[in-house]
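Visitor: Quick one: structure below, then a few questions.
The values are calculated or read from the model by the stated rules, or taken from the named source; none is laboratory data. Small disclaimer: the values here were computed from a predicted structure and weren't measured. Here the Cβ positions follow ideal geometry from the backbone for every residue, glycine too, while neighbour counts run over all protein chains shown. Keep in mind that these areas ignore ligands, DNA and RNA; they rest on the heavy atoms of the full protein, side chains included. Shrake-Rupley method; radii C 1.70, N 1.55, O 1.52, S 1.80 Å.
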Amino acid sequence: MYWEIGYGTIPILLIMLAVASVRILREYERGVVFQLGRFWKVKGPGFIILIPGIQQMVRVDLRTVVMDVPSQDVITRDNVSVKVNAVVYSRVVDPQLAIIQVENFMVATSELAQTTLRAILGKHELDQLLSEREKINQDLQQVLDVQTDAWGIKVANVEIKHVDLDESMVRAIAKQAEAERERRAKIIHAEGELQASDKLLEAAQKLAQAPQAMQLRYLQTLTAIAGERTSTIVFPMPIDLISTALDHLSRQPTKPAASG
């Protein structure tokens, strides 16, 4: 049995062959081209021509990918169990390595991020995990970036999203924070008392050097008390005022008694 190919079939085959050999890559895409199973070159973006049956191409997206790391059970250095999830921002910088060195670079990066998250957070205490999140994010980014460099992946940023605690641990942290606030309030109050006592001592020393100033102070206090709505005022009379008044009376000449 013989197959007869008409003249009209040849152009159709050529058109199909041309369509199968043409690829168009966008600006953010690259094509890893293999020739007879061996790596040939990275091509793109734009218009790409492949030899059908001899060359194959794998598309690689170079845009930054936002990868959500599932919640992980982490035991901190002070033996506190928490659930932590994070988000990883990564992108392909070497398409050849991303295709040849690892089967699925997205899955590999995600699994590596999970194990690294548990390992890094396990070295920190709970207080550090809550207060030094920026530093921990930098540590995670540096460790992931070093490990994914062999895959042609650049980890740009890692952010811890949520830290979930048990209810008992939340209450314990609240009590600790309340005790810390009370301690600071007592310290501030004690410092205020100390400063006030220093000022009072300084004022007393200055008033002791000038008795007249002490008398004026007493008179000001009497004026302030007199303005209040009180029925009875008991105010100690300073000895200095009494002695001054007695000295003044003793210096006045006595009048002679009138003769009858």
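Visitor: Kindly establish whether LYS135 is more than 27 Å from VAL22 (Cβ to Cβ), surrounded by fewer than 17 Cβ atoms within 10 Å (Cβ to Cβ), free of Cβ contacts under 8 Å to residues at least 40 places away in the same chain and among the charged types (D, E, K, R).
Guide: Values: more than 27 Å from VAL22 (Cβ to Cβ): yes; surrounded by fewer than 17 Cβ atoms within 10 Å (Cβ to Cβ): yes; free of Cβ contacts under 8 Å to residues at least 40 places away in the same chain: yes; among the charged types (D, E, K, R): yes.
Yes; evaluated as a whole, the condition is true for this residue.
Visitor: Find all pairs meeting these conditions: Cβ atoms under 7 angstrom apart; at least six residues apart or on different chains; first residue within the range 12-41 and over 12 Å from ARG59 (Cα atoms); second residue open to solvent by 90 Å² or more (accessible area, probe 1.4 Å).
Guide: SER21/ILE49; VAL22/ILE49
Visitor: Mind checking whether some residue in the range 70-89 is under 22 Å from GLU27 (Cβ atoms) and surrounded by 13 or more Cβ atoms within 10 Å (Cβ to Cβ)? Break it down into steps so the answer makes sense when it comes.
Guide: Filtering the range 70-89 for residues under 22 Å from GLU27 (Cβ atoms) gives 89.
From what is left, the residues that are surrounded by 13 or more Cβ atoms within 10 Å (Cβ to Cβ) are 89.
Yes, because at least one residue in the range 70-89 is under 22 Å from GLU27 (Cβ atoms) and surrounded by 13 or more Cβ atoms within 10 Å (Cβ to Cβ).
Visitor: OK, next. Restricting attention to the range 138-158, which residues are of a type in the set (Asp, Glu) and buried (at least 16 other Cβ atoms within 10 Å of the Cβ)? Show your work before the answer.
Guide: Step one: list which residues in the range 138-158 are of a type in the set (Asp, Glu), which gives 139, 145, 149.
Within the range 138-158, ASP139, ASP145 qualify.
Visitor: Just to be sure before I move on: is ILE51 over 18 Å from GLY152 (Cβ atoms) and either open to solvent by less than 60 Å² (accessible area, probe 1.4 Å) or not in a loop (DSSP other than H, G, I, E, B) (or both) in the structure I sent?
Guide: On the way: over 18 Å from GLY152 (Cβ atoms): yes; either open to solvent by less than 60 Å² (accessible area, probe 1.4 Å) or not in a loop (DSSP other than H, G, I, E, B) (or both): no.
So ILE51 does not fit the description; no.
Visitor: Filter the range 99-113 down to the residues that are part of a helix (DSSP H, G or I), out of contact with any Leu (no Cβ under 7 Å at 6 or more places or on another chain) and surrounded by 16 or more Cβ atoms within 10 Å (Cβ to Cβ) and list them by number.
Guide: The first filter runs over the range 99-113 and keeps only residues part of a helix (DSSP H, G or I), leaving 99-100, 105-113.
Among the residues that remain, those that are also out of contact with any Leu (no Cβ under 7 Å at 6 or more places or on another chain) are: 99-100, 105-111.
Matches in the range 99-113: ILE99, PHE105, ALA108, THR109, SER110.
Visitor: What is the residue count in the range 102-148 for residues that are among the hydroxyl-bearing types (Ser, Thr, Tyr) and under 14 Å from VAL84 (Cα atoms)? So that I can check it myself, show each step before the final result.
Guide: Of the residues in the range 102-148, the ones among the hydroxyl-bearing types (Ser, Thr, Tyr) are 109-110, 115-116, 131, 148.
Those left that are additionally under 14 Å from VAL84 (Cα atoms): 115-116.
Residues meeting the conditions: 2.
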